[in-house]
1. Within the bounds of segment 45-58, is there any residue that is more than 19 Å from the chain's Cα centre (by Cα), surrounded by 13 or more Cβ atoms within 10 Å (Cβ to Cβ), modelled with pLDDT of 95 or more and of a type in the set (V, I, T)?
2. What about K122, is it among the basic types (K, R) and either in contact with a helix residue (DSSP H, G or I) (Cβ under 6 Å, 6 or more places away or on another chain) or at pLDDT below 95 (or both)?
3. Can you spot a residue in segment 16-26 that is among the basic types (K, R) and at pLDDT 95 or above?
4. Of all residues in segment 74-127, how many are touching a Phe, Trp or Tyr at 6+ places or on another chain (Cβ under 6 Å) and of a type in the set (V, I, T)?
5. Give R229, R152, R187, R162 a once-over and let me know the one that is under 30 Å from L92 (Cβ atoms) and under 20 Å from the mean Cα position of the chain (by Cα).
6. Condition first: among the basic types (K, R) and over 27 Å from F125 (Cβ atoms). Now tell me which residues in segment 169-228 satisfy that.
7. Determine which single condition S167 fails, assuming it passes every other condition in (1) at pLDDT 95 or above; (2) within 19 Å of the chain's Cα centre (by Cα).
8. Confirm whether R141 is in a loop (DSSP other than H, G, I, E, B) and among the basic types (K, R).
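The values are calculated or read from the model by the stated rules, or taken from the named source; none is laboratory data. Note that this is a predicted model, so its numbers are computed, not measured. Note: ideal-geometry Cβ built from the backbone for every residue, glycine included; neighbour counts use all protein chains shown.
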Amino acid sequence: MLRNYKMTVSYDGTRYNGWQKQKNTETTIQGKLEQILFRLTGKEISVQGAGRTDAGVHALGQVANFRLDTDLFEEELLSYFNEYLPDDIAVLSLKAASERFHSRLSAAGKIYCYRMYTGNAKPVFDRRYMWKPDEIPDAERMRRAASFLMGRHDFKSFCGNRHVNKSTVRNLERISIEESGGGRELRLTFEGEGFLQNMVRILTGTLFECGIGEREPEEMTGILEALERSRAGQMAPAKGLTLMEVRY
């Protein structure tokens, strides 16, 4: 019987060209998962993800679903994935879901974390998971700027796809900026119902520019109203971003 399976996936995105399968490369997360299902069944089976993380972006709690007719128990299927997946991808959980469940369409929200190193020495052991900018930003200025971004707005200025033809209105429920690691790290947490292409990285880069005095926090309102990507700031490097959780 064909069943709909939901799984939670964790991955280090360093050597991958993002989540979405592409014709010109085999190094995508979706592609690797679909290869495992082809190995098991000899058939092309589509794996749908909750979010299309960019090249180099990581995930602790990506969610995906696929449909499969198998005699394997859920625990056996979980073990099969983890036996053949590379060491930088793991399926944390897998279970049968309702027929109507869709990892992206059923999602109520997502939580992302961006890690920025603000210490003096190199972040040797975390260098693949955090951005070390040349200047140390003022966290309080970044928080002031973030306060203008929270709520329901048109975030077209913070979208990397200039030709997007869908609504760019999103509800950004939370931006928290916390100092950790004895003052050697800033953690920016973004929570919302959904995010546009590159949106979290552009938000982070713009907040960083406020933090180092290149922009004033109050400029955020004008950037939102402009609906122009050129008005927002730089896009922060992919390696600092992790998809933490998908809410349902």
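1. Taking every residue of segment 45-58 in turn, at least one turns out to be more than 19 Å from the chain's Cα centre (by Cα), surrounded by 13 or more Cβ atoms within 10 Å (Cβ to Cβ), modelled with pLDDT of 95 or more and of a type in the set (V, I, T).
2. yes
3. Within segment 16-26 (the criterion being among the basic types (K, R) and at pLDDT 95 or above), the answer is no, since none of the residues qualifies.
4. 2
5. Sole residue among the options that is under 30 Å from L92 (Cβ atoms) and under 20 Å from the mean Cα position of the chain (by Cα): R187.
6. Those that are among the basic types (K, R) and over 27 Å from F125 (Cβ atoms): R170, R174, R215.
7. S167 satisfies every listed condition except (2).
8. Taking the combined requirement at face value, the residue does not satisfy it.
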